[in-house]
Structures are given as structure tokens and as C-alpha cells.
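First the structure, in the form of C-alpha cells, and then the observations on it.
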């Protein structure tokens, strides 16, 4: 889990310095989620759950969102990602992109559901159309570039 500290430092730096310049229509990629996704390759379900909780807690502290909102979401997704990887064991790019997209979509819907539970949510249709789907698509594109267009993809043996 030592890589988590270095990855967290890199994500916080990139999230603060680079993603504002990459913003498209007010949408930024979720680098905290991508770090969890990429880290889930070599974690146990419990480690992924704890790592997701720590990443989410840090994201909550930096973003000003209710403390624990992203921590809950990322810890749940971390656990589920490792369970899916145990069954999938796929090295092709398309399943990776599909998994990033689906888990990103789940992340947005879980976050919206928790906010709605506490009476702070917005309309599902608007949130899905203007926030969740664009951010998920953007995060998937950045994840695909990281997996296929960099050395990281060769380390993880991802190919078309």
C-alpha cells in the first residue's frame, strides 16, 4: 500500500494543477477513482476497501463535499472492483474501458443516492445528463489513455 501514498500525492497535484486546464464544460476527470481502479489490480478486497476509503476521505476533505460521501462510495467500489477482477482477469482494453465506465457510473449514482437520502440531492435526470455521464465518459477516456497509451498499459499487459 506504499504506492497509495505516492499515487495520492500525484493525484492531488494533478487534480489541483492540471485538471482545471483539462476541464471541458465544467467537467473534470475523476483522478481519485482512476487511482483506485489502477491500484485494484494488486490489492485484496479488504485493502481495496480501505484504500478506497482513504482516497475518498481525502477527496472529501479537498472538495468540500460532505465528509464521508466519497469515502463510502470509493470504499464500496474498491471492494467490488477487486471482486470483479478475480472473475474477469482480462487483458484487453475494451473490458477495461467498459469496467471503468460502469463503475464510474455506479460511483455517480451511489453518490447521488446518498445525497438524496439526506435530502441534498438533485433531480436524477439532470444529474445523470449533465454531471454523471459526462464525468464518467471523460474519466473513461483518460483511463483508456493511461492504460493503453502509456507504459502502465504494458506493465498491466493491456492490449486491443
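When 145, 100 are arranged by Cβ crowding within 10 Å, least crowded first, meaning fewest neighbours, the order is 145, 100. Compute the distribution of all C-alpha to C-alpha distances in segment 1-64, in bins of 10 Å from 0, and list the percent of pairs in each, rounded to whole numbers. With a bin width of 10 Å, the distribution comes to 21, 53, 23, 3. Using a Gaussian network model of the chain in which every pair of alpha carbons under 10 angstrom is joined by a spring, one finds that among 102, 76, 124 the greatest mean-square fluctuation is at 124. Spin-label model, residue 12/residue 130: points 7 Å from Cα along the beta carbon direction are separated by 3.2 nm. Going from the fewest other Cβ atoms within 10 Å to the most, the residues 30, 60, 123 appear in the order 123, 60, 30.
With viscosity 1.002 mPa s and temperature 20 °C, the Kirkwood radius over alpha carbon pairs of the chain converts through Stokes-Einstein to a diffusion coefficient of 135 µm²/s. Relative to the compact-globule estimate of 2.2 N^0.38 Å, the Cα radius of gyration of segment 46-136 comes out at 1.13. Between residue 148 and residue 109, the modelled label-to-label distance comes to 2.5 nm, taking each label 7 Å out from Cα in the direction of the beta carbon. Annotation: the residues 49, 106, sorted from fewest to most other C-beta atoms within 10 Å of their own C-beta, follow the order 106, 49.
Throughout, read-outs are computed from the coordinates displayed, never taken from laboratory work. The model shown is predicted, which means the values in this text are computed figures rather than measured ones. All Cβ positions, even for glycine, are placed from backbone atoms using ideal geometry, and neighbour counts span all protein chains on display.
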